[in-house]
């Protein structure tokens, strides 16, 4: 596909709003970092305090649902045409999955997270550096790094893969909502879903890479006094 064809394939109804919102947040952070930090921290606290239970319940439902799909007849559905063969070997697929799914997070936080919770137990549920704190730290770490996150990845990936490679729809998050929205998926509702998906992907990736960069920066400063910033 030529550059011109790629540009023509960009959906302006998704691209420009997503770009404007992202640029707005970047500008806000550059011009008034204290204001952005205050608003985002207050928003995060409100979400955690009001809907933290929903996050825990939903991840558990994701895990149960993915297990059901794996052992039921639905687990035998081919994510592609009936006569198509896998493009990658299982070993290659598993390597890509771990590299993308866990990559920098597992490298830098697989050990740091339980140690951090051990020294500062979440929500004050245990005395720091006690046996209870160690158990609590591992519980939180297993919740973040064991089966629950993989269940979320699996369900989202399956939804996109099924409607893209089995049903021939565009590789968009909105395509997975076709059974619920019908033709409306091609209208403002579908565009809004895709805009939110773009923003969530950008911000999620930036957060993961940013935290990893901070960790690298801290390590370099510890070894060679390069300074932190």
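The values are calculated or read from the model by the stated rules, or taken from the named source; none is laboratory data. These numbers were taken from a predicted model, which means no experiment stands behind them. Every residue, glycine among them, receives a Cβ derived from its backbone with ideal geometry; neighbour counts consider all protein chains shown.
Can residue 208 be described as surrounded by 13 or more Cβ atoms within 10 Å (Cβ to Cβ), part of a helix (DSSP H, G or I) and free of Cβ contacts under 8 Å to residues at least 60 places away in the same chain? Walk me through it before giving the result.
Numbers: surrounded by 13 or more Cβ atoms within 10 Å (Cβ to Cβ): yes; part of a helix (DSSP H, G or I): yes; free of Cβ contacts under 8 Å to residues at least 60 places away in the same chain: no.
Judged against the criteria, residue 208 is not a match.
Conditions tested, residue by residue: (1) in contact with a helix residue (DSSP H, G or I) (Cβ under 7 Å, 6 or more places away or on another chain); (2) over 30 Å from residue 110 (Cα atoms); (3) modelled with pLDDT of 90 or more.
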residue	(1), (2), (3)
134	yes, no, yes
164	yes, yes, yes
173	yes, no, yes
180	no, yes, yes
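Restricting to region 63-108, what's the tally of residues that are surrounded by 13 or more Cβ atoms within 10 Å (Cβ to Cβ) and part of a loop (DSSP other than H, G, I, E, B)?
4
Could you grab me the full set of residues in region 109-142 that are exposed (fewer than 15 other Cβ atoms within 10 Å of the Cβ), under 19 Å from the mean Cα position of the chain (by Cα) and in contact (Cβ under 8 Å) with a residue 12 or more places away in the chain?
110, the sole residue that qualifies.
So for region 143-166 (the condition being buried (at least 17 other Cβ atoms within 10 Å of the Cβ), part of a loop (DSSP other than H, G, I, E, B) and within 18 Å of the chain's Cα centre (by Cα)), does at least one residue qualify?
no
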